[in-house]
Amino acid sequence: MPDIPLTVIVLLCLAAAAAGWIDAVVGGGGLLLIPALLVGLPAGTHATTALGTNKAVAIVGTTGAAVTYVRKTPIDVRTAIRIGLAALTGSMGGAVLAAGMSTEVLKPVIMVVLLGVAAFVIFKPSFGSAPAPGPATRRQIWAAIGIAGLGIGFYDGLIGPGTGTFLVLALTAVLGLDLVRASATAKIANVCTNAGALGIFAWQGVVLWQLAALMAVFNLAGGTIGAHTALKKGSGFVRIVLLVVVFALVATMAYEQWVK
């Protein structure tokens, strides 16, 4: 592990805890954790080291949140895993395409989509407030595998930021889940995608395992608390956090696109 001041390590651990909480509630913890790692790691550290270390941290918190959700609320685990495996496949395809094209062209489109989503959530308060009256149909499940799995997985490999948030939105819209169950299902799918990405980063040897292990403890705590918070506060609370994360994602993308 590189020489990192104790103060920076403490701040990174606090960022990991906050990211775990955000990720468990509605996704998007990477919006906080990846920039924190990029700033906190020594100058000259390659960006892939921050990405790989982030995955090693995030998979622990995501798994903890998923376990908490499964124990406290009914979830179709089988469907969630199928979506996760499809997302893993899609992310590999997106990563291959990303190597040969500029993703900067797509970011303005993603920002417009996100703003449209925010407007929809604001002007349709009933969105995600209650689950559909019956179980999901076979057609809905396959649509979720295609859209939330392959489609958003492809986006994850191509661009990445906000994947968890997109999963929550897609699962709510396609499967008719309330926002709490959508967050729970998204966490299980995220475990699959994080595991695949971490395997690649580990094979490349870019993960700072000692730092990741320490931060993962805080991320696990934040993720577990976040899952309990979402279950206790309900869909209305998740909806507010969702809007905050969406606007933060748009601001981050806009900064990277036109300011940085």
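The values are calculated or read from the model by the stated rules, or taken from the named source; none is laboratory data. None of the values given here were measured: they were computed from a predicted structure. For neighbour counting, all protein chains shown are included, and Cβ atoms are generated from backbone atoms with ideal geometry for every residue, glycine included. When the accessible area is computed, the model is the full protein with side chains, heavy atoms only, and any ligands, DNA or RNA have been set aside. Shrake-Rupley method; radii C 1.70, N 1.55, O 1.52, S 1.80 Å.
Assorted remarks:
- Of all the listed residues (186, 195), the sole one being modelled with pLDDT of 90 or more and either touching a helix residue (DSSP H, G or I) at 6+ places or on another chain (Cβ under 8 Å) or farther than 21 Å from residue 73 by Cβ (or both) is 186.
- The stretch 38-54 - residue that is within 15 Å of residue 202 (Cα to Cα) and of a type in the set (A, V, I, L, M, F, W, C) and, of those, most open to solvent (accessible area, probe 1.4 Å): 51
- The residues of the stretch 2-35 include none that are open to solvent by less than 20 Å² (accessible area, probe 1.4 Å) and without any contact (Cβ under 8 Å) to a residue 12 or more places away in the chain.
- Some residue of the stretch 140-155 being crowded, with 24+ Cβ neighbours inside 10 Å, within 12 Å of the chain's Cα centre (by Cα) and of a type in the set (Val, Ile, Thr): yes
- Residues that are under 26 Å from residue 126 (Cα atoms) and within 13 Å of the chain's Cα centre (by Cα) within the stretch 177-222 comprise 182, 183, 184, 185, 186, 187, 188, 189, 190, listed in sequence order.
- Residue match in the stretch 70-90 (condition: touching a residue at least 24 places away in the same chain (Cβ under 8 Å), of a type in the set (Lys, Arg) and over 23 Å from residue 241 (Cα atoms)): yes
- Residue selected from the stretch 238-258 under the condition without any contact (Cβ under 8 Å) to a residue 40 or more places away in the chain and among the hydrophobic types (A, V, I, L, M, F, W, C), by the criterion most open to solvent (accessible area, probe 1.4 Å): 258
- Test: residue 62 is more than 12 Å from the chain's Cα centre (by Cα) and of a type in the set (S, T, N, Q): no
- Test for residue 97: is it at pLDDT 90 or above and open to solvent by 70 Å² or more (accessible area, probe 1.4 Å): no
- Residue within the stretch 218-227 that is free of Cβ contacts under 8 Å to residues at least 12 places away in the same chain and either open to solvent by 20 Å² or more (accessible area, probe 1.4 Å) or within 23 Å of residue 17 (Cβ to Cβ) (or both) present: no
- Condition check for residue 165: hydroxyl-bearing (Ser, Thr, Tyr), under 17 Å from residue 77 (Cα atoms) and open to solvent by less than 20 Å² (accessible area, probe 1.4 Å): no
- Every pair of residues 6+ apart whose Cβ atoms lie under 6 Å, when the first sits in the stretch 199-217 and is under 8 Å from residue 56 (Cβ atoms) and open to solvent by less than 30 Å² (accessible area, probe 1.4 Å) while the second is in a helix (DSSP H, G or I) and among the acidic types (Asp, Glu): none
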